[in-house]
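The values are calculated or read from the model by the stated rules, or taken from the named source; none is laboratory data. What you see is a predicted model; the values in this text were computed from it and never measured. Cβ placement follows ideal geometry from the backbone for every residue including glycine, while neighbour counts extend to all protein chains displayed. The area values use the complete protein model at the heavy-atom level, side chains included, leaving out ligands, DNA and RNA. Shrake-Rupley method; radii C 1.70, N 1.55, O 1.52, S 1.80 Å.
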Amino acid sequence: MAEGGLSQTRSGAAARSVAVDSRARAAGGAAAGGEGSAGDVPEVPSLPDGSDGSDGPGVPDVRQEARDLRLHFDLVDLRLIVNVAACNSLTGGAQRSCISLPAASTRIKHLEASVGARLLNRTPQGVTLTPPGQALLHHARLVLNQLEQLRGDLQEYARGLKGHLRVAASTTAITEFLPPVLGRYLKSHPDVSVDLRERLSSEIVRAVSDGTIDIGIVSGAVRTEGLQTIAYRQDALVLALPPQHPLDGAGPLPFADTLAFDHVGLHEASAIHQFLQQRAQELNRALRLRIQVGNFEGACRMIAAGVGIGILPRSAAERHAQTLPVRVVALADDWAQRQMQVCVRDRAALPAFAADLIDLLVADAG
């Protein structure tokens, strides 16, 4: 009985010794690895008794630990996957990555061995990515994009900037309310740069939650669980009509009634355009776009000329209606009434220059 217990103890010690030796050789290979050695980890030897190094149930398998150690990527690997996907060719991907074709092939083989799955489907017409390859491509793009943002931020610091603030907002907030606020902010913070993006409110919430945006300004009924929110401004989407249009004088109208007429819309990348497309799809209807323009003034001018009707923020429609023959009619849909909110992950954790912008927004809301 005692002899059997001693034998098991020695077997466990041998397994741990093999695991430590495997890690040491893996680390040495990664440190010394060059073009053709990425992810190259020696096979784990069997123990003298023919076992696989496991001490039994509940004890980690050193072979599995070694496989985990081999899951190693570097930036050359990630760029290679992105370039191969862009070219649909291993040769083209190697050229764009500035490495030789044999080196690229070796790297792909090592990646596939590390992942434990094929990344590329090779055909006479070129290569395509398998589902694991698509997953790797998705994350490779995210990592490389983050590195580009890091490089840009550091270059700005080298030019003397001391802060970089990422803000995302709805179309209405960007065009109607933020310009004077950001003007005052940037004058008082000459050493801070602001990256302002226009996005749908649902996308802004995700970006703030993910930490890719510092401050978001959302409109309408959007779920903001897990974020801190501050009430900002109120606005509404309204219907803008040319003179003597059949819908003029009908009072508050449902959005569905407008879909029988040609619309003047904003460009496809605008958040308000995407929002209206989604509302039309919910009704199983199409938004009949007669023309698309770049801003609210252009939309009102087209509406005044009789090109079509348009859905615009009340603040913009009423402002341009003072100088153009445009009629403003309320929409009856609940989503047309829009409460704006400023959202952040943790207001207390924001740097001082970001907190200053929050204070200006609160003051602007009055």
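Taken about its Cα centre, segment 173-277 carries a charge dipole of roughly 280 debye when the Cβ of each Lys and Arg holds +1 and the Cβ of each Asp and Glu holds -1.
Here the simple spin-label model places points 7 Å from the Cα toward Cβ, and for ASP257 and SER202 these points are separated by 2.8 nm.
Only protein heavy atoms count here; under a 1.4 Å probe, LYS162 has an accessible surface of about 140 Å². Rounded to the nearest 20 debye, the dipole magnitude of segment 217-272 is 220 debye, with +1 charges on Lys and Arg beta carbons, -1 on Asp and Glu beta carbons, and the Cα centre as origin.
Determine, for each peptide in 315-323, 234-242, the mean count of other beta carbons within 10 angstrom over its residues, then list the peptides with the highest first. Intermediate values should be presented prior to the final figure.
Details: 315-323: 17.0, 234-242: 22.8.
Per-residue Cβ counts within 10 Å, averaged per peptide and sorted highest first, yield 234-242, 315-323.
Tell me the net charge near ILE213. Cut-off is 11 Å between Cβ atoms, ILE213 excluded, with +1 for each Lys or Arg and -1 for each Asp or Glu. Intermediate values should be presented prior to the final figure.
Numbers: positive: ARG166, ARG197, ARG199, ARG206, ARG345; negative: ASP195, GLU203, ASP210, ASP214.
Surrounding charge for ILE213 is +1.
Note on segment 87-218: with neighbouring protein chains present and a 1.4 Å probe, carbon and sulfur make up 54 percent of its accessible heavy-atom surface.
Rank by packing, highest mean first: peptides 172-181, 206-215, 113-122, with packing defined as the count of other Cβ atoms within 10 Å averaged across residues. Don't jump to the answer; show the numbers that get you there.
Working: 172-181: 19.3, 206-215: 17.5, 113-122: 15.5.
Going from most to least packed, we get 172-181, 206-215, 113-122.
Provide the gained length on full extension for the span THR224 to ARG141, in nm with one decimal, where the gain is 0.36 nm per separating residue minus the Cα-Cα distance. Length difference between fully extended and current span is 27.2 nm.
Expressed to the nearest 5 percent, the antiparallel share of DSSP beta bridges inside segment 212-366 is 75 percent. With a cut-off of 9 Å between beta carbons, the residues surrounding SER170 carry a summed charge of +1, where Lys and Arg count +1 and Asp and Glu -1.
The residues neighbouring PRO242, those whose beta-carbon lies less than 10 Å from its own, together hold a net charge of 0 under the Lys/Arg +1, Asp/Glu -1 convention.
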